[in-house]
Amino acid sequence: MLSHAIERGVLVVTVHDDPGIDGRADLVLDIEGLVRAYQPAPVVIVLEEPAAGPAGLSVVLRVHRACNALGVLLSAVTSSAPARRLLEANAETGTTRLIIHARADIAVATAALAAVA
């Protein structure tokens, strides 16, 4: 359901499957653990097609709240335009804005540049 890698100093977490309502909390905890282990590295969450449903979007929004509290930059990637619009509309407007992309390579490059700046 979940894999991760470090690319250009950015933690890239890929969610492969829909976590479903019951799997949301566990997935959030898993991702938050990775964020804490690699902080202050920026994070990119890639939602593959099956994961871009309501439960997957909820996971991203919950992780975004945690990243805000830690001061960690978070970007989300999904090829689904409706999912990107939902993330944009529901993201917290706290200290760090949720950055939303359609492509993972652009998200990683942008996050890597932001980390250096």
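The values are calculated or read from the model by the stated rules, or taken from the named source; none is laboratory data. Treat the numbers as computed from the prediction; the structure is a model and nothing was measured. So basically every Cβ, Gly included, is an ideal-geometry build from the backbone, and we count neighbours across all protein chains shown. These area figures cover heavy atoms from the full protein model, side chains too; ligands, DNA and RNA do not enter into them. Shrake-Rupley method; radii C 1.70, N 1.55, O 1.52, S 1.80 Å.
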Every residue in the stretch 71-87 that is open to solvent by 30 Å² or more (accessible area, probe 1.4 Å) and not in a helix (DSSP H, G or I), please. Gly71, Leu73, Ser79
Residues in the stretch 54-62: is at least one of a type in the set (A, V, I, L, M) and either open to solvent by 80 Å² or more (accessible area, probe 1.4 Å) or part of a strand (DSSP E or B) (or both)? no
Restricting to the stretch 9-25, name every residue that is in a loop (DSSP other than H, G, I, E, B) and either open to solvent by less than 40 Å² (accessible area, probe 1.4 Å) or of a type in the set (A, V, I, L, M) (or both). Pro19
What are the pairs with Cβ atoms under 7 angstrom where one residue, in the stretch 82-93, is within 17 Å of Ala51 (Cα to Cα) and at pLDDT 95 or above and the other, located anywhere, is part of a loop (DSSP other than H, G, I, E, B) and open to solvent by less than 90 Å² (accessible area, probe 1.4 Å)? Sequence gap at least six, or different chains. Ala83/Ala52; Arg84/Thr78; Arg84/Ala102; Leu87/Leu98
Within the stretch 39-53, of all residues that are closer than 16 Å to Thr96 by Cβ and touching a strand residue (DSSP E or B) at 6+ places or on another chain (Cβ under 9 Å), the one surrounded by the fewest Cβ atoms within 10 Å (Cβ to Cβ) is Gln39
Filter the stretch 1-15 for residues that are in contact (Cβ under 8 Å) with a residue 24 or more places away in the chain, over 15 Å from Leu74 (Cβ atoms) and among the hydrophobic types (A, V, I, L, M, F, W, C) and give the result. Met1, Leu2, Ile6
